[in-house]
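Some notes on the structure that comes next.
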Amino acid sequence: MAHRGLDRRQLLKGALGTAGVLALSGCDNLSRMHWFRELLGHTEALTERVQRAFTPVNALAREYQETDISAVFPANGNIDPGTEHYAGMAANNFAEWRVPVTGLVSKPAEWTLEDLKGMPARTQITRHDCVEGWSAIGKWTGVPMGDLMHPVDPLPEAKYAVFYCADIDEEGATYYESMALQDLYHPQTMLAYEMNGQPLDVPHGAPLRLRFERQLGYKHAKYVTRIELVASLADIGGGKGGYWEDQGYEWYAGI
Ligand SMILES: Nc1nc2c(c(=O)[nH]1)N[C@H]1C(S)=C(S)[C@@H](COP(=O)(O)O)O[C@H]1N2
Ligand SMILES: [Mo]
């Protein structure tokens with residue numbers, strides 16, 4: 001690790017000082033966030049530790065007002081999975097879409113879009129920050145992941161949740177993302193099926209996409225097809241916990 005050899009306590013103290021200043025100022029400026037990450041020297045494990053230390057696990061991302069909603073919310077990355085299978089699902093309004101939860105759970109489950117729409121919903125207006133340099137505010141409605149976890153009852157060995165997506169790149173790699181189990185229970189972590197009061201459209205991840213607030217845009221998996229609870233991320237995809245992580249992005253993308 002990059003901080004090996006440094007005085008860890010000194011470094012942590014310095015970082016916490018910075019974090020404190022950012023916390024006071026609201027830390028809602030992407031460029032400031034970048035500066036913060038620079039300062040930490042990209043020691044990702046340290047960033048996660050520091051951020052978890054100064055923000056309570058369930059600290060909410062800032063929520064905005066209806067009037068703050070961006071007139072244009074860009075669609076980014078894949079904007080259509082483009083497979084025949086997906087096109088068929090879309091043609092049928094995603095009535096056949098199913099999301100199974102498998103892996104280290106006591107009771108595997110599977111939900112249709114209709115099932116999910118019938119559950120208690122949460123709506124939140126939040127800002128999405130993409131590393132490509134844009135931010136937009138949108139309103140999301142969906143089912144909190146924590147609610148979905150109660151019936152499946154994760155096993156004690158489960159450490160991460162992996163979200164698999166319908167889009168596949170030219171090399172055949174599936175888009176996927178992951179988060180620590182504890183983040184599934186964050187009140188704003190949800191499987192969203194509505195954006196700005198409308199069913200999620202194809203560019204923004206229809207029929208279901210993850211909202212993982214307080215994390216950068218690439219963590220918010222679109223076109224979610226399956227959720228798997230695992231003890232380790234090493235054997236999944238390229239082993240780094242996500243499509244972009246496998247290409248060098250940080251796994252813990254806290255903002
Ligand atoms: N399945 C899938 N999810 C994805 C992506 C993608 O290409 N495929 N792009 C990510 C990136 S980089 C961003 S910024 C957001 C963009 O979400 P939006 O298209 O709704 O703006 O989705 C994320 N989730
Ligand atoms: Mo992004």
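Label sites at VAL131 and GLU66, each approximated as a point 7 angstrom past Cα along Cα to Cβ, lie 3.6 nm apart.
Each label was represented as a point 7 Å from its Cα along the Cα-to-Cβ direction; for GLU114 and ARG49 these points are 5.1 nm apart. Residues in region 161-168 carry Karplus couplings, in order, of 10, 10, 10, 9, 10, 7, 8, 10 Hz; the curve used is 6.51 cos²θ - 1.76 cosθ + 1.60 with θ = phi - 60°, and Gly or Pro positions show x.
For every other residue with a beta carbon closer than 13 angstrom to the beta carbon of LEU181, add +1 if it is Lys or Arg and -1 if Asp or Glu, then tell me the sum.
Local charge sum for LEU181: -3.
Suppose every K and R has +1 on its Cβ and every D and E has -1 on its Cβ; what is the size of the dipole of region 158-255 about the Cα centre, in Debye to the nearest 20? Walk me through the intermediate numbers first.
On the way: 8 positive and 14 negative charges, 77 e Å.
My answer is approximately 360 debye.
The distance linking region 103-167 with region 191-236 is 7 Å (Cα centroid to Cα centroid, whole angstrom).
3J(HN,Hα) along region 116-127: 5, 5, x, 8, x, 9, 10, 10, 9, 10, 9, 9 Hz, from the Karplus curve 6.51 cos²θ - 1.76 cosθ + 1.60 with θ = phi - 60°, whole Hz, x for Gly and Pro.
Take peptides 64-70, 74-80 and line them up by average Cβ neighbours within 10 Å, highest first, as a rough protection proxy. If you can, show how the numbers build up before the last one.
Values: 64-70: 12.1, 74-80: 16.3.
Peptide ranking by packing, descending: 74-80, 64-70.
Working note: Karplus 6.51/-1.76/1.60 with θ = phi - 60° gives region 77-88 the couplings x, 6, 10, 5, x, x, 8, 4, 4, 5, 4, x Hz, where Gly and Pro are set to x.
Take the cross-link list LYS139/LYS159; LYS139/LYS219; LYS107/LYS240 and give me the ones stretching past 23 Å between alpha-carbons. Violating the 23 Å Cα-Cα cut-off are LYS139/LYS159; LYS107/LYS240.
Taken together, the values in this text are just the output of simple stated rules run on the coordinates, not laboratory data. On a predicted model such as this, the values are computed, not experimentally measured, just so you know. Glycine gets a Cβ as well: all are built from the backbone with ideal geometry, and neighbour counts include every protein chain shown.
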